[in-house]
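Derivation of every value follows stated rules applied to the coordinates shown; laboratory data play no part. On a predicted model such as this, the values are computed, not experimentally measured, just so you know. Glycine gets a Cβ as well: all are built from the backbone with ideal geometry, and neighbour counts include every protein chain shown.
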Ligand SMILES: [Zn+2]
Ligand SMILES: [Zn+2]
C-alpha cells in the first residue's frame with residue numbers, strides 16, 4: 001500500500017480533520033495524559049525537552065480517524081501520536097513526502113518510523129543509542 005495512493009483523502013485529513021473540534025479535543029487529551037505520566041515532554045525528532053505550547057502532534061497512523069455522518073471522530077490511540085516542534089514536524093513531513101523509498105510500498109506507520117529514525121540521526125548526532 002502506497003502512502004501516495006489516496007492523496008485526496010489524505011488532503012481532506014490535513015485540511016479538514018486537523019481543524020475539527022474532535023481533533024482539538026483529542027490533542028488536549030493526549031497532552032493531558034502525557035502530563036500525568038511524566039512531567040517531561042520531549043520532541044520525537046530532536047529529542048529536546050519542550051513545553052506543551054511549543055509542540056505539535058504528528059500522526060504516525062490515521063487509522064483512528066473516522067468521518068461519520070459528516071462529523072469527524074478522533075479515535076487515535078496514544079501511540080499513534082507523537083509530539084514534535086513545528087520545525088522538526090515540518091522536516092519529518094518533507095522526508096516522508098519527498099522520499100520515494102519511504103513512500104512507496106510501505107504503510108504510513110512504517111514510513112513514519114523510518115523517517116523518524118533518519119530525522120533523529122540528523123538532529124541527534126551524538127545519540128549513540130540509535131542504530
Ligand atoms: Zn524538535
Ligand atoms: Zn504530521
Sticking with the crude label model, points 7 Å out along Cα→Cβ, report the distance from residue 94 to residue 79 in nm, one decimal please.
3.1
Please rank 110, 51, fewest neighbouring Cβ atoms within 10 Å first, as an exposure proxy.
51, 110
Quick check on the stretch 53-96: what does the Kirkwood estimate of hydrodynamic radius come out to from the alpha carbon pairs, in Å?
11.6
Cα-Cα pairs in the stretch 19-66 separated by more than 14 Å, as a whole percent of all pairs, come to 57
Report the extension gain between residue 107 and residue 25 in nm, rounded to one decimal, defined as 0.36 nm multiplied by the number of residues separating them, less their alpha carbon distance.
26.9 nm
